[in-house]
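Worksheet: one structure, shown below.
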Amino acid sequence: MTEFGIGVDLGGTNLRAAAIDRAGNLLDKPISVDTNYQGGREAVIGDIVNAVSSLKHQFSGARLAGVGIGVPGFIRLREGFITNSNNLPYLENFPVRDEIEKRLGTPIILENDANAAALGETWQGAGQDVDSLVLLTLGTGIGGGIILDNKVLHGAVGMAGELGHLTIDPNGPPCGCGNNGCLEKIASATAVESMAYLMSLGDNLTSRDVYNLAAAGNVKAQRIFEQMGRALGIALGNLVNTFNFPLYLLSGGMLPAWDYFAPTMMEEASRRSFSFRNSDTRIAQAKLGNLAGLYGAAYLPLQNLP
Ligand SMILES: [Zn+2]
């Protein structure tokens, strides 16, 4: 009997769920539901339960190994709690995992969304040829996931890999986490938009507008991506020095600007890391796009199978 896992990705604007078998085949196209964040806890939990139930029903001829759920925010892994999430404040300090498990009668594994994406890329994406990697997701914030020997590196309570909060500039702009000059304050889409505003490039420009300006030859816009690249390069140099992994991946909405930020990123990483300069360590683009989190979440219950 085919064994499969269900992956759920609780994103900023929609909730997606997919059934993926042990060989890595997506069994059907993912279900996508607009998330009703205003509806509060019951609405979100109800949406998750409905999406998973519908997939369970659709593939009732196969054996479901379990359900993995990728959520934005800090996770307390053992307790199955989300301790801090900007998008889902009403799920904080509530036994999310146990509640969903009770309603579905299926084992649930909660994971941070960037950790799930990193695992997905290792299983079926750009990291298939390695066992250990780091993924940075460049979106409105920056998420991070560390995969060591094909497993998510969790740390003591499940909060390892918060790489968006690596200090890049000790005197940089304040971050919601309490620190100053975090990576995500310099290299996320939001950071690009703030820099564009501070450099008087225009009011209310989106990161895509700034990208279009850079592509059209605007030097100020290009300089913003160079700064973003330097910040990423500092972070990556540190990560290479820390882990000596073979692969570091970037994904997320800012990836199309690769040509504008990658040169300074590579230069900076190279300058700051002896082992990067002297080995075939790769910094590359992830492959699975917004499916990575679904693959990784579905793989969580599958990877524990004998
Ligand atoms: Zn921070």
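Arrange the peptides 191-203, 250-262 so that the one whose residues have, on average, the most other Cβ atoms within 10 Å appears first. Don't skip to the answer; put the middle values down first.
Details: 191-203: 16.7, 250-262: 20.2.
Top of the packing list down: 250-262, 191-203.
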**Request:** Could you calculate the contour length gain from N50 to V157, that is, 0.36 nm times the residue separation minus the distance between their Cα atoms, to one decimal place in nm?
**Result:** 35.6 nm
**Prompt:** How far is it, in nm, from the label point at D209 to the one at D169 when both lie 7 Å from their Cα along the line to the Cβ?
**Reply:** 2.1 nm
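Quick one: of the DSSP bridges fully inside the chain, what percent are antiparallel, nearest 5?
Details: 25 of 47 bridges.
Once the DSSP bridges in the chain are tallied, antiparallel ones form about 55 percent.
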**Complete:** For L305 and T190, extending 7 Å from Cα along the Cα-Cβ vector and measuring point to point gives, in nm, a value of 3.9 nm
**Message:** Would the stretch 190-306 count as rounded, prolate or oblate if I go by the C-alpha gyration tensor, calling it rounded below 1.5 in a/c and otherwise prolate when a/b exceeds b/c, oblate otherwise?
**Reply:** oblate
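Got the relative contact order for the stretch 129-286 handy, in percent, Cα pairs under 8 Å and 6 or more residues apart?
Numbers: 293 pairs, mean separation 36.0, N = 158.
Over the stretch 129-286, the number comes to 23 percent.
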**Sequence-distant residues sharing a close amide H with I69 (under 5 Å, placed H)** = V8, I109, L110, E111
**Fill in**
Row for the chain, column shape: gyration tensor on C-alpha, a ≥ b ≥ c, rounded if a/c < 1.5 i.e. under 1.5, prolate if a/b over b/c, else oblate; value prolate
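Report the extension gain between S275 and S200 in nm, rounded to one decimal, defined as 0.36 nm multiplied by the number of residues separating them, less their alpha carbon distance.
Values: separation 75, 0.36 × 75 = 27.00 nm, distance 3.90 nm.
Taking S275 through S200 to full extension adds about 23.1 nm, to one decimal.
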**Fill in**
For N87, placing the label point 7 angstrom along Cα-to-beta-carbon and taking the stretch 20-36, residues whose amide nitrogen sits under 16 Å are 31-36
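Sum -39500 (n - 2.57) across every DSSP H segment of at least 4 residues in the chain, then divide by the residue count to get the 222 nm mean residue ellipticity, nearest 500.
Working: 10 runs with 118 residues, N = 306.
That calculation yields -12000 deg cm²/dmol at 222 nm.
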**Message:** Given Cβ point charges of +1 (Lys, Arg) and -1 (Asp, Glu) and nothing else, what value in debye, to the nearest 20, does the dipole of the stretch 17-170 about its Cα centre take?
**Reply:** 460 debye
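Find how much the distance from E267 to T2 grows on full extension, using 0.36 nm per residue of separation minus their present alpha carbon separation; answer in nm with one decimal. Working shown, then result.
Working: separation 265, 0.36 × 265 = 95.40 nm, distance 4.70 nm.
Full extension from E267 to T2 adds 90.7 nm.
With a ≥ b ≥ c taken as the square roots of the eigenvalues of the C-alpha gyration tensor of the stretch 1-70, please select rounded if a/c is under 1.5 and otherwise prolate if a/b is larger than b/c or oblate if it is not?
Working: a/c = 2.57, a/b = 2.05, b/c = 1.25.
Prolate, because a/c is 1.5 or more and a/b exceeds b/c.
FYI, it's all coordinate maths here, none of it is from the lab. These numbers come from a predicted model, not from an experiment. For neighbour counting, all protein chains shown are included, and Cβ atoms are generated from backbone atoms with ideal geometry for every residue, glycine included.
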